[in-house]
Amino acid sequence: MASTSRALGRLSAPSMGVTRLQTQAVSRLLSSAPRRALISESRQVAVSQQIRRAHTETTPALPEPPKERRRFRKLRWLWRAPLVASLAGIAYIGWGVYEERNPGPQVEPDPSKKTLVVLGTGWGSVSLLKKLDAEHYNVIVISPRNYFLFTPLLPSCTTGLIEHRSIMEPIRTILRHKKASVKFYEAEASSVDPERKVVRVLDTSEIRGDVIETEIPYDMLVVGVGAENATFGIPGVREHTCFLKEIGDAQRIRKKIMDCVETAAFKGQSQEEIDRLLHMVVVGGGPTGVEFAGELQDFFEEDIKKLIPDIADRFRVTLIEALPNVLPSFSKQLIEYTESTFKEEKIDIMTKTMVKKVTDKTVEAEISKPDGTREKITLPYGLLVWATGNAVRPVVKDLMERIPAQKGSRRGLAVNEYLVVQGTRDIWAVGDCAVAGYAPTAQVASQEGNFLAGLFNNMARTEVLEQRVRELSGSLNLQPGNAAEISKEIEEHERQLRRIKDIKPFHYSHQGSLAYIGSEKAVADVSWFNGNLASGGSLTFLFWRSAYLSMCFSTRNRLLVINDWVKSKLFGRDVSRE
């Protein structure tokens, strides 16, 4: 008995560790029948508590499972975010393609409605057609080209970076998405008679039918025919230079570039002739001329040098500008950046230089020096691109002669604050053919077209409301008990009329200017709150591309342009001549 107590005391001592074997031995000892009678029930409970307490104090605690580090849990979404964005982009593109391929039904023309004739398919006219509620008018579009051209990317077509059809949108596709049917005639407007309110059109296509000339009457007329290239009366410009305004111009330049290269690589060609053939001259330091010069230099650096290394070091690009600097509409900081970038790219800039004469192989110019003297120079060239100046088209000139109030205008149709042609009531003008006090740019023409669309939509709603007010007024007090309701409805329509008629004059809002300057660099002068944000470099080049991509007219154009960029990056530009 005493020995058993001593054994239990030793096991329960705090200083001794209790092992599993000892615990089992004590359990067997307590469970034995002869000794169970000697130990009271209370003693058994006390012993069990001491054993459990000793076991708990001496047995090391199991390590807790490591807690998950929550600071990295947010990183799991890094790979999910691009996936979700990609799926959303694919869904957006798919929906855009579906909408373009499945336009809704159209309302047929109503003879009782007014006829709205739109001349041209440029920026101003297409912006008008895009926002116009065509169901309020019988709309007729007349243009010698049956497509809309995204002109900001036209310089890229000259070197094969972008295929020309990627920046063309068929006008019939645009008109098919209107709620009401719109007629289109591929013809050139030869004259406008404001007295008889008719437009005389001429079929200028290569294939003609029995009728090649006819007249189209109008109630409202929008002139958006743009402008043609100005030569400033300089001899030889129209005969020997390439313009850069239409798709045909870009194709002609692309072909002539490869003609110069292949001719320069011809066996036995003299060094002097090689230098002439590979000297490309660009006249005009605006965005079009600067972008073309940059694209041309990229073409030779990235493609021609690799394919024809024998003549690569003889290539030169010269930019001629009559003003003191290039890109005159940009900030001074960006002008200096552009000039320094051109210097790095070995593009020669000749400012304060006036072209005096052009022959089939040379350009004769006059340079104004800082001391006030002038020097005449002669530049041999293989390709000469004329990217400056606008001139009035014949149909606009004819219309100006028919309107007495337009006698003093020289640059186009003078318009008032609502873009109505001065001296008329039912003729409006937009784009380069209109003189509204703004620069002849695509941005100005687009905003003018949007303004006219809102103006015409308001005019149509005004006529509907006024007709309804006249009907309600005629039925007032004819039946007993309807005076209060009719008066309330008349008051509501008049309130809507006052709101609709409160149309503010056109005001151009400059969103900024962009220009590509070569070597995957661009400059941007963007409006930012009350000032301008000027930037240039590779990041601005990405902004330039994304901005132009968003400005493309349709999902089809965007996909084609992206495809051309990727294709050119992977395989290089196409140097085929045809």
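The values are calculated or read from the model by the stated rules, or taken from the named source; none is laboratory data. Remember, it's a predicted structure, so these values are computed and weren't measured experimentally. Using ideal geometry, Cβ is built from the backbone for each residue, glycine included, and neighbour counts are taken over all protein chains shown. Just so you know, the surface numbers come from the protein's heavy atoms only, side chains and all, with ligands and any DNA or RNA stripped out. Shrake-Rupley method; radii C 1.70, N 1.55, O 1.52, S 1.80 Å.
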*Considering L542, L549, L559, L514, which residue is surrounded by fewer than 14 Cβ atoms within 10 Å (Cβ to Cβ), under 24 Å from F299 (Cα atoms) and either at pLDDT 90 or above or not aromatic (F, W, Y) (or both)?*
L542
_Of the conditions (1) out of contact with any strand residue (DSSP E or B) (no Cβ under 8 Å at 6 or more places or on another chain); (2) modelled with pLDDT of 90 or more; (3) under 21 Å from T158 (Cα atoms); (4) not small (G, A, S), D574 satisfies every one except a single condition; which number is it?_
(2)
*Candidate set: region 124-140, residues that are of a type in the set (G, A, S) and touching a residue at least 60 places away in the same chain (Cβ under 8 Å); chosen: the one farthest from A180 (Cα to Cα)*: G124
_What's the number of the only condition in (1) touching a Gly at 6+ places or on another chain (Cβ under 6 Å); (2) open to solvent by 30 Å² or more (accessible area, probe 1.4 Å); (3) among the polar types (S, T, N, Q) that S340 fails to meet?_
(1)
*Can you tell me which residues in region 99-122 are of a type outside the set (S, T, N, Q), in contact with a Phe, Trp or Tyr (Cβ under 8 Å, 6 or more places away or on another chain) and not in a strand (DSSP E or B)?*
K113, K114, G122
*Give me the pairs, please: first residue somewhere in region 261-288 and of a type in the set (K, R), second residue anywhere and part of a strand (DSSP E or B), beta-carbon distance under 7 Å, and either six or more positions apart or on two chains.*
R276/P380
_Within region 522-539, considering residues that are at pLDDT 90 or above and within 17 Å of the chain's Cα centre (by Cα), the one farthest from S568 (Cα to Cα)_ = D525
_Any residue that is within 30 Å of V385 (Cβ to Cβ), part of a strand (DSSP E or B) and open to solvent by 20 Å² or more (accessible area, probe 1.4 Å) - is there at least one of those in region 147-163?_
yes
*Check K179, K197 and return the single one that is within 30 Å of V561 (Cα to Cα) and charged (D, E, K, R).*
K179
_Residues that are touching an Asp or Glu at 6+ places or on another chain (Cβ under 6 Å) and either open to solvent by less than 10 Å² (accessible area, probe 1.4 Å) or among the β-branched types (V, I, T) (or both): does region 428-448 have at least one?_
yes
*Name every residue in region 195-241 that is surrounded by 16 or more Cβ atoms within 10 Å (Cβ to Cβ) and either farther than 30 Å from S446 by Cβ or among the aromatic types (F, W, Y) (or both), in order of residue number.*
Y218, I234, G236, H240
*In the list E295, E215, which residue meets the criterion of being at pLDDT 95 or above and not in a helix (DSSP H, G or I)?*
E215
*Does G454 qualify as being at pLDDT 75 or above and out of contact with any helix residue (DSSP H, G or I) (no Cβ under 6 Å at 6 or more places or on another chain)?*
yes
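Here's the yes/no breakdown for (1) open to solvent by less than 50 Å² (accessible area, probe 1.4 Å); (2) aliphatic (A, V, I, L, M); (3) touching a Gly at 6+ places or on another chain (Cβ under 7 Å); (4) within 24 Å of E339 (Cα to Cα):
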| residue | (1), (2), (3), (4) |
| --- | --- |
| R252 | no, no, no, no |
| K256 | no, no, no, no |
| D259 | no, no, no, no |
| H279 | yes, no, yes, yes |
| P287 | no, no, no, yes |
| F300 | yes, no, no, yes |
| R316 | no, no, no, yes |
*asked:* Tell me whether region 406-425 contains one or more residues that are under 30 Å from G285 (Cβ atoms), part of a helix (DSSP H, G or I) and either open to solvent by less than 70 Å² (accessible area, probe 1.4 Å) or among the charged types (D, E, K, R) (or both).
replied: no
*Verdict on K178 being touching a residue at least 60 places away in the same chain (Cβ under 8 Å), open to solvent by 50 Å² or more (accessible area, probe 1.4 Å) and farther than 26 Å from Q251 by Cα*: no
